């Protein structure tokens, strides 16, 4: 990581939230900020976290104990797996969330507890893991592969939740997003979103594609046909899906359909 790109997680307490617009971390009324040259003062190595002691609290499946259908929790698990970090998974229902998680973090999940610290936004968790456990790097090259995924999740969520016969406009928006992703892989001729190595952007997109393909089959009669209409995107999906990290974090399609079935009610 270049020094002028670095930011520092400062632990006034473990309740840290990221404000994307200001690039600050805040705790209540305290400004917990980063300085571009913070390393000149403290040095990165002295603040590196030790491995172990990680527990990921996430949405439980329909039985209340298995891993649920949250794509954002899946993103965090992919990052942990790609980095080879040891962690335990704790599926929770609204009734089984730890008291401290409810009282101090509004019960938000996914929540990664690392020893005495806890982070509850998936993007913040990803940045935390990338910063303190930089090898292997998932930073990527900040290429157009990042921007091409913007708005993808709400586009496919709105399509899946729309009633049949009243989803034409949502389908058109989704098709535009899928076409952009497919074209990205045509023009870049890269294996992954930001080059030929996996990045945080891939770890975020893949669970969403898994949900989309499963929900299309379960609720939309296979429309749109991603394999036929978007072959380069489909190749990308198959390429990542064969990775050990994805296979280790996969949950049943029935769980995905259960989650979206509830969302469609």
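The values are calculated or read from the model by the stated rules, or taken from the named source; none is laboratory data. Predicted model, so just to flag it, every value in this text is computed and none were measured. Neighbour counts run over all protein chains shown; Cβ positions are idealised from the backbone, glycine included.
For the range 167-204, residues that are touching a helix residue (DSSP H, G or I) at 6+ places or on another chain (Cβ under 7 Å) and closer than 29 Å to residue 261 by Cβ total 13.
Yes or no, residue by residue, for (1) at pLDDT 95 or above; (2) in contact with a strand residue (DSSP E or B) (Cβ under 8 Å, 6 or more places away or on another chain); (3) surrounded by 16 or more Cβ atoms within 10 Å (Cβ to Cβ):
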residue	(1), (2), (3)
113	yes, yes, yes
142	no, no, no
155	yes, no, yes
169	yes, no, no
181	yes, no, yes
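Looking for something under 30 Å from residue 134 (Cα atoms), touching a strand residue (DSSP E or B) at 6+ places or on another chain (Cβ under 9 Å) and touching a residue at least 24 places away in the same chain (Cβ under 8 Å) - is there at least one such residue anywhere in the range 200-212? Walk me through it before giving the result.
The first filter runs over the range 200-212 and keeps only residues under 30 Å from residue 134 (Cα atoms), leaving 200-211.
Restricting the remaining residues to those that are touching a strand residue (DSSP E or B) at 6+ places or on another chain (Cβ under 9 Å) gives 201-202.
Checking the rest, the ones that are also touching a residue at least 24 places away in the same chain (Cβ under 8 Å) come to 201-202.
Taking every residue of the range 200-212 in turn, at least one turns out to be under 30 Å from residue 134 (Cα atoms), touching a strand residue (DSSP E or B) at 6+ places or on another chain (Cβ under 9 Å) and touching a residue at least 24 places away in the same chain (Cβ under 8 Å).
For the range 206-241, a residue qualifies if it is within 20 Å of residue 137 (Cα to Cα) and out of contact with any helix residue (DSSP H, G or I) (no Cβ under 7 Å at 6 or more places or on another chain), and the qualifying residues are 239, 241.
Scan the range 221-230 and tell me whether some residue there is part of a helix (DSSP H, G or I), under 23 Å from residue 76 (Cα atoms) and not assigned by TED's automatic domain parsing to the domain that holds residue 62.
Step one: of the range 221-230, the residues part of a helix (DSSP H, G or I) are 226-229.
Checking the rest, the ones that are also under 23 Å from residue 76 (Cα atoms) come to none.
No, that holds for no residue.
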